[in-house]
Structures are given as C-alpha cells and as structure tokens.
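The structure under discussion appears below in the form of structure tokens.
The values are calculated or read from the model by the stated rules, or taken from the named source; none is laboratory data. Predicted, not measured: the structure shown is a model, and the values here were computed from it. So basically every Cβ, Gly included, is an ideal-geometry build from the backbone, and we count neighbours across all protein chains shown.
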Amino acid sequence: MHMRRRDPGETLLTLPQDGARIDRLDAERKRPEWLSEVWATPGTRVLNLYGRRAQLSGDRLKYEPATGELPAGAVTLGAVDPADLPGGEDLAEGEQNGRVHVVVVAHPKPEENGHANGTTEPSDTTGTSWADLAFAGSQLTPVDAALLTQALAITTWHARSSFCAACGTATEVDASGWRRVCPNCGAQTFPRTDPAVITAVLDAEDRILLGSAFRWDATRYSTFAGFVEAGESVEAALVREIEEEAGVVVSEIQYMGSQSWPFPRSLMLGHFAITEDPSMARPDGDEIREVRWFTREELAAAAAAGEVSLPTRSSISRALIEHWHGSPIEAAADAQPPQPRGSARPAPRGQQAR
C-alpha cells in the first residue's frame, strides 16, 4: 500500500469552496466582548440559518444587517472582502481594515410543504427561494458556499454539544461561539470534525467502480466512503472500507482533495485508488446492494438515459467521478436531487459520510 506519485500535469479536484477567503480571526474571537463588538459594528452582515437552509437573494445568499440586540446562539464566522458579498460596494462603512464581518444566527427549522430539497418554501415565507448546501452548493459562489458550510458545521455542533461529556452538566458558550465550557468541572469542548475517506476505484483498463447503496434508489451509483476509525491511518481506512464494501483490494492510492461535509461534521478526504483484480468486485450486501464497472462511454450514456443517477455536483464524489471522466457528465437525474428510499433500514455508517 503506497501513495501514487502525482503526474506533473495532474491537478486537485475543483470543489465549490475553491478560492474562498475567510479570515476566522481566531485571536480576536477569544476576547469576551468580541462578538458584541462585531454585532455593533456598522456593516456587519448576518446569515440566517433555518434548519440546514439559508435564504437566497437572486443567485446569492441573503445577508442582512445586524440590528437590535445580539441574538442568543449567534456565532461569528469571520471577516471577508466586501467584494465577495452581494452589494459589497455599499459595505464600506462596515469595513475594518478592508473587511466585513459575517455572523450566523440559527433559527428553528420551519414547517415545510413537500420534501426538503432546497427548493420548497417554508409556510411563513412564501415566495422565498432557498439554498441547501447538499444540493445547491455547486451553484453558489465560493465564499457563499464556504460561509454556508461553516455556518452549518458550527450550529450543528452547538445543537449536539449542550452537555459536558465528562460530567453531564449543561455547558456554556464561549469564544464568540467557538468553544463550550463546563461550569462544573471546567472541561472545554471545541468543534470537532470526523475524517472520512471517499474513493474512486479504478482498474488497469481505467474503468471506474461505483456502488449502489441500499439507502438510495437502486439507480443511484456513487464512489465508496467510510469513516476513519480510532487508531487508524487514512490509508488503512481507505483499503479497509473498499475491501469491506466492494470486495476489491486497492493500492496506488492518490490523494485528490478534501471537502467539509457538515452532515453532521465530516471532512471528506478524496482519493483515487487502483485494484489489480477487478473480478473480485462484489457488494457487501449490508450497505451496498450492487457494484458495477463503467467505462467513460458507458457511464455517460447510462447517466444521460436516466438509467444511472449520480451524486449531486455539490459533492466531492461527483467531483471525483467527473475528474476521472475528464469532463462534466450530463445526467438526466440532475434536475431532481436523489431521495432516500422509504425504508426502515438505518442509514449505513459509510453512507452517512456523503
């Protein structure tokens, strides 16, 4: 098992957040009064989060002025260049050294009409359009995608970290929302990320191996993913997950890039890997119902005909597949995001990561 050397002409994956510039201001946000100062700064903008969605204004996220009292649960996301926000030319009054602060405020998830795919409208805001990172992330600007990802990650962490893991006491928010402290035992808790490997498996003929999981409709095929376990290296986790889910042994592992996937707190580490014995491919029957080898022509034709659906373009899985293909794949199913099957089967551990 070893990492394959990158060819001189090869590049990392192109992902939605590429090029985003956010100054997280780690030193400043540790000051007790920092968040209040940011909220009171003219020009500070607020990203309101409803469940896992944010409002859109045209094709951009909607950022509102910070007004009134500082809301409970507000978290500073950092500072960005005014030009990276919609209407940036009007934000000069809020600049501090050429930057504008952005704060996220999480709201309870509203009632929705229909399925939550990023296009349905909450009943109390009819006519509003919405962005859901899992489905619309690739259509956002890099800064919008990065801010929405960060907002989802930090607010989800708060929702799941209300009590001290050491003694069970209710924790208190600190460091402008980037730390929780136990008033009883003093334990400090910080936002955590779970590393997960996600891999496109190739063979000597340069075919790609994709799997259809029980969690999804039978036509959906994706790369293989799973979490890195305690005491395990990334490379060992990758080899283990592929052999467990797809039956093949891989080598020639090549890292291609990473993507934060805050559902709830994964960091997807994308790779290519090679198997020398493609005939060993088989589904595990637990998480994966079927595995198939595709040539570029076969996958493109099946996707165009609607026989195969692929992960959304917001995901690193789709980026891996299209990087291998050499160009975007036009899939009939892209118009509608994939929906989980109505099954009592729980979401498999590996599938939760993508």
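Odds and ends about this structure:
- Candidates Ala175, Ala153, Ala136 - the one that is of a type in the set (A, V, I, L, M), in contact with a Gly (Cβ under 6 Å, 6 or more places away or on another chain) and touching a residue at least 60 places away in the same chain (Cβ under 8 Å): Ala136
- Residues located in the range 292-331, provided they are hydroxyl-bearing (Ser, Thr, Tyr) and within 18 Å of Ala136 (Cα to Cα): Ser309, Thr312, Ser314, Ser315, Ser317
- In the range 219-228, the count of residues that are of a type in the set (Phe, Trp, Tyr) and in contact with a Lys or Arg (Cβ under 7 Å, 6 or more places away or on another chain) is one or more.
- Residue identified as surrounded by 13 or more Cβ atoms within 10 Å (Cβ to Cβ), among the charged types (D, E, K, R) and free of Cβ contacts under 8 Å to residues at least 12 places away in the same chain among Glu33, Glu37: Glu37
- Looking across the range 132-171, the residues that are among the hydrophobic types (A, V, I, L, M, F, W, C), in the same structural domain as Tyr63 (by TED's automatic domain parsing) and over 18 Å from Pro191 (Cβ atoms) come down to Ala134, Phe135, Ala136, Leu140, Val143, Ala145.
- Failed item in (1) crowded, with 17+ Cβ neighbours inside 10 Å; (2) out of contact with any Ser or Thr (no Cβ under 6 Å at 6 or more places or on another chain); (3) modelled with pLDDT under 95, with Leu299 passing the rest: (3)
- Scanning the range 167-183 for residues that are surrounded by fewer than 13 Cβ atoms within 10 Å (Cβ to Cβ) and in contact with a strand residue (DSSP E or B) (Cβ under 9 Å, 6 or more places away or on another chain) returns Ala170, Glu172, Pro183.
- Across the range 281-321, the number of residues qualifying as on the phi < 0 side of the Ramachandran plot and either of a type in the set (D, E, K, R) or part of a loop (DSSP other than H, G, I, E, B) (or both) comes to 23.
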